[in-house]
Amino acid sequence: MEQVMAMIRGAARQRPADRADRLFVQGGQWLMLALLLLAVLLPLLAMLWRGIFGDPSQGGGLAAAAELFGSANFRWLLGNSLKSALAVVLIVVPLAYGFAYALQRTCVPGKGVLRGISLLPLFAPSMLPGIALIYLFGNQGVLRDIFPDSIYGFWGVVLGQAIYTFPHALMVLLSALALADARLFDAASSMGASPWRAFRSITWPGSRQGVFAAGCLVFTLCITDFGVPVVVGGDYQVLALEAYKAVLGQQQFGRGALIGLFLLLPALLSFTVDLWLRRRQRDAMGGRAQAYVAKPHRRRDGAFMLLVLSVCAVLLGVFGMAVYSSLVKFWPYDLSLSLHNYAFSELPGGWLAYRNSLTLAIASAVFGSALIFTGSYLLEKTRQSPLTQTLRLLCFIPMAVPGLVLGLGYVFFFNLPNNPLNGLYGSLTLLVICTVAHFLTTAQMTAATALRQLDSEFEAAALSLKVPLFSHFLRVTLPMCLPALLDIVRYLFVSAMTTVSAVIFLYSPDSLVASVAVLNMDDAGNVGGAAAMSTLILLTSAGVSLLLAGASRGLLRRSQAWRGAANH
Amino acid sequence: MATVDLQLHAIHKGFGTFKALDGVSLDVAAGELVCLLGPSGCGKTTLLRCIAGLERQDNGRILFSGRDVSLLPPQARDYGILFQSYALFPNLTVCQNIAYGLTALGREASRNRVAEMLDLVGLTGSEHKYPAQLSGGQQQRVALARALAPSPSLLLLDEPMSALDAQVREHLCIELRSLQRQLGITTLMVTHNQDEAMLMADRIAVMNQGRVEQYAAPQAIYDAPATPFVAEFVGQGNWLPYQRDGAHARVGGLSLRLAKPGHSEQGRLFCRPEAVLVNPVSEQDNLFSARMRDMTFLGNRCRLSFELDDLPGHALLAEMAPEAMPQLHGNQIRVALPPHSLQVFA
């Protein structure tokens, strides 16, 4: 016994755990700061600079700004953008609310499958709904009589974006409706309140902030999306498309920057209001609340089933059409099935684009999740300082910055001739950086939520036992948060597979990715090829998601012995 | 087992404008168990975290056996800590949890040490269970074993009983105390529960608003509270406003004889309920007639609420064993406030 004591004491004195910890925490935080400055803040500042003080010959500068924002063309574009985006909000938010309500507060059967179908649009680039609409309602579409004035234009944009944004709105509303205190409903019914009155006085006040957030999200996504307008917009031009054309078509960098800055406004505005509302609504769910579980109610369940099935039918119809059309030999003349459209090898960059996309997705998922999870750990579990506050703020910015704007910022920053990182421009590495930065906030919030659920004394316990923080992170924190980490991996993978808005400005022939290839094929009139590539993206991201979900479930089962701890 | 004495010199700690610790000084002798007792927000946990190095004091010095550790990080101090939540790592087994701080020890030695600790806390056989599979009391013992495994010379306990059911608390308090005596390890325990503090401590430091109000043995704290706060926080008491009149105190229309009159001209008299004598058989000082308002039966004792006839509207309490209850005839009683039981506060 005495000997053991002596050994323990000797070992304790020698351990340089403190220095290693400081390196891990301080070094990690400063590294994060450097990365966030390079990947988020400086590109945005570069865009600001280019727009306001840029070369007038490229459409930059204050004079050009005044001219641009005062022009009739700009007002027309802005009007179009606002009109279609508002229409999408009015269609999507009520539908998504009904859908979310059905999944969270009623007893409709088959919720897992319904939820899976509703998330389909997340797995494909935003062009896919547009392409499917062309096959359905276009000049040679199967249902062309429904839109006799042609689908190209306002309705094409609205329908395409409605499908594209539906799952985004749904996810916000699902979480807004996830928590309900059963005691409130018991109290309401004991006082004789009708279900409708209970909805108005309990459910609605608890979820209206989510409705607002969903509305803002859909609006911002629509305003900044050009995947749908470029495919089915026709003569109905919108601002996002104009920015894209200004930079890629006309080399009018200043003009692109100005429109980019303008597109930042709705996002920033809604983001600020949302943050304010969220602060006001905190603590709506007390610690002693009892989770509400819906009881069967035939009329209500039937009505919601009808709604949910209609939405799913539309989604399945659209996505089924896209997959089907990709398999048709020569639309609409030869409807026999073949893999002819999948012969990408004959196209410039065909299979290379798909391989690049896989590389991009895997690299973003692996490096992104490792960086983001470790970074979140360093933010959540260390002493708060001005540095951590700054980092938090920087992590929040990408949420308010649309992909299109971020992509433009990257063009302006990394394409500067005297930027030492200029060599990255056009490489797949920069695409990875841009993708991780673009989807940073959601991933970081997932990690932070998981980390905050861990006992805050774990780190203190490790310190008191003289265990280096980094090895504690690997031995305890990481295993405990593995499901959340897999979630982040999946999110980054799928986002990288489907994103167009940011990467469109950054690729070179060698780093062409699949989603951009879809756009290019569609542009070149090869709609079948575009449908085929979209289908491939859809299948890949859905397949990987299922795989990761399976892995996560297996993991939870294996660790069930100790995960019960959460209930203690 | 080597153990340390602990000295705190004028520790200050503020959070913004809030003074969590306002000049705390404390000496803990080697092998002693000291309780920091106080209401929530009094600074007791902050003080413990400063000693642990988890919080950095703004000012003041912390000495472990004369070694200044004030500015050292937690890893460079030498202590074990038991957290309120126990902070057991859910993904590690009991065995792995206890061995967590023993990595520098080598496999064989580490295994032996774990077996020794399991034996010490009486959990041999639970090595391969996960914390979630244990009861609250068992979890506490694992956490204690983990804290003690690297044989620290100081043990810090942060509200160790608060997560446990009332029934097992007392038992575990006694167990923990005998373990501490057996190891002879200097121990500092934070609690807001006076019963736990009374049961376990060699000395109690009663804290309020970032200051130590009184630092003394449990009995001294109870019998001779140094400040009104201590008197009020520990146990129950009666308070009577008074004006001094020589060796007597005037309370309303009454005159009370005092054993220790003190110096201030006015203030408050303090008297424990169990010191009040109801319908005494023998002649007593300070005997007054009173009217009974209410009587509560508390199992092992009875509590009587009454008003002095000359001081209406001022409820006072008396406590006694049920068998000592006098025969009551109506509501009219006589109560004595013995001079030696009356304490004077300015």
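The values are calculated or read from the model by the stated rules, or taken from the named source; none is laboratory data. Please read all numbers here as calculations on a predicted model, not as lab measurements. Please note: Cβ atoms are built from the backbone with ideal geometry, for glycine as well, and neighbour counts cover all protein chains shown.
On the basis of being within 15 Å of A:LEU309 (Cβ to Cβ), surrounded by fewer than 20 Cβ atoms within 10 Å (Cβ to Cβ), of a type outside the set (A, V, I, L, M, F, W, C) and out of contact with any Asp or Glu (no Cβ under 6 Å at 6 or more places or on another chain), does A:GLY110 make the cut? Yes: the conditions hold for A:GLY110. Please verify whether A:ILE223 is in contact with a helix residue (DSSP H, G or I) (Cβ under 6 Å, 6 or more places away or on another chain) and farther than 27 Å from A:LEU95 by Cα, treating the condition exactly as stated. Considered against the rule, which asks whether it is in contact with a helix residue (DSSP H, G or I) (Cβ under 6 Å, 6 or more places away or on another chain) and farther than 27 Å from A:LEU95 by Cα, A:ILE223 comes out as no.
Among the residues of region B:1-38, those identified as in contact with a helix residue (DSSP H, G or I) (Cβ under 7 Å, 6 or more places away or on another chain) and not aliphatic (A, V, I, L, M) are B:LYS13, B:CYS35, B:GLY38. Please determine whether any residue of region A:513-535 is touching a residue at least 60 places away in the same chain (Cβ under 8 Å), buried (at least 23 other Cβ atoms within 10 Å of the Cβ) and touching a Lys or Arg at 6+ places or on another chain (Cβ under 8 Å). Checked against the condition, which is being touching a residue at least 60 places away in the same chain (Cβ under 8 Å), buried (at least 23 other Cβ atoms within 10 Å of the Cβ) and touching a Lys or Arg at 6+ places or on another chain (Cβ under 8 Å), region A:513-535 yields no hits at all.
Filter region B:238-260 down to the residues that are surrounded by fewer than 17 Cβ atoms within 10 Å (Cβ to Cβ) and under 25 Å from B:GLY313 (Cα atoms) and list them by number. Correct list: B:TRP239, B:PRO241, B:GLN243, B:ASP245, B:ARG250, B:GLY252, B:GLY253, B:SER255, B:ARG257.
In the set A:SER501, A:SER552, A:SER508, only one residue is under 18 Å from the mean Cα position of the chain (by Cα) and away from every other protein chain (no Cβ under 14 Å); that residue is A:SER501. Out of A:ALA188, A:ALA193, A:ALA180, A:ALA176, one residue alone is under 21 Å from A:LEU120 (Cα atoms), of a type in the set (Gly, Ala, Ser) and either buried (at least 17 other Cβ atoms within 10 Å of the Cβ) or at pLDDT 85 or above (or both). It is A:ALA176.
For every residue, the table says whether it meets (1) in contact with a strand residue (DSSP E or B) (Cβ under 8 Å, 6 or more places away or on another chain); (2) among the small types (Gly, Ala, Ser); (3) within 14 Å of chain A (Cβ to nearest Cβ).
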{"site": "B:THR3", "(1), (2), (3)": "yes, no, yes"}
{"site": "B:LEU26", "(1), (2), (3)": "yes, no, no"}
{"site": "B:ALA29", "(1), (2), (3)": "yes, yes, no"}
{"site": "B:PRO39", "(1), (2), (3)": "yes, no, no"}
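In region B:295-346, the residue that is farthest from the chain's Cα centre (by Cα) out of those that are part of a loop (DSSP other than H, G, I, E, B) and touching a residue at least 60 places away in the same chain (Cβ under 8 Å) is B:LEU311. Residue-level check: of (1) at the interface with chain A (Cβ under 9 Å from one of its Cβ atoms); (2) modelled with pLDDT of 90 or more, B:THR103 misses just (2).
Of these, A:VAL489, A:VAL476, A:VAL544, which one is of a type in the set (Val, Ile, Thr), in a helix (DSSP H, G or I) and free of Cβ contacts under 8 Å to residues at least 40 places away in the same chain?
From the options A:VAL489, A:VAL476, A:VAL544, the qualifying one is A:VAL476.
In region B:128-216, counting only strands (runs of 3 or more DSSP E) that sit wholly within it, the ones holding 3 or more residues that are away from chain A (no Cβ under 14 Å) and at pLDDT 95 or above span B:186-191, B:203-208, B:211-216. Regarding A:THR441, is this residue assigned by TED's automatic domain parsing to the domain that holds A:LEU38, assigned to a helix (DSSP H, G or I), under 28 Å from A:GLY423 (Cα atoms) and free of Cβ contacts under 8 Å to residues at least 60 places away in the same chain? Yes; evaluated as a whole, the condition is true for this residue. For B:ASN286, the conditions (1) buried (at least 18 other Cβ atoms within 10 Å of the Cβ); (2) touching a residue at least 60 places away in the same chain (Cβ under 8 Å); (3) among the polar types (S, T, N, Q) are fulfilled apart from (2). Only residues that are away from chain A (no Cβ under 12 Å) and assigned to a loop (DSSP other than H, G, I, E, B) were counted across region B:52-92, and they come to 6. Can you confirm whether A:ALA365 is outside the structural domain of A:SER545 (by TED's automatic domain parsing) and at pLDDT 80 or above? No: the conditions fail for A:ALA365.
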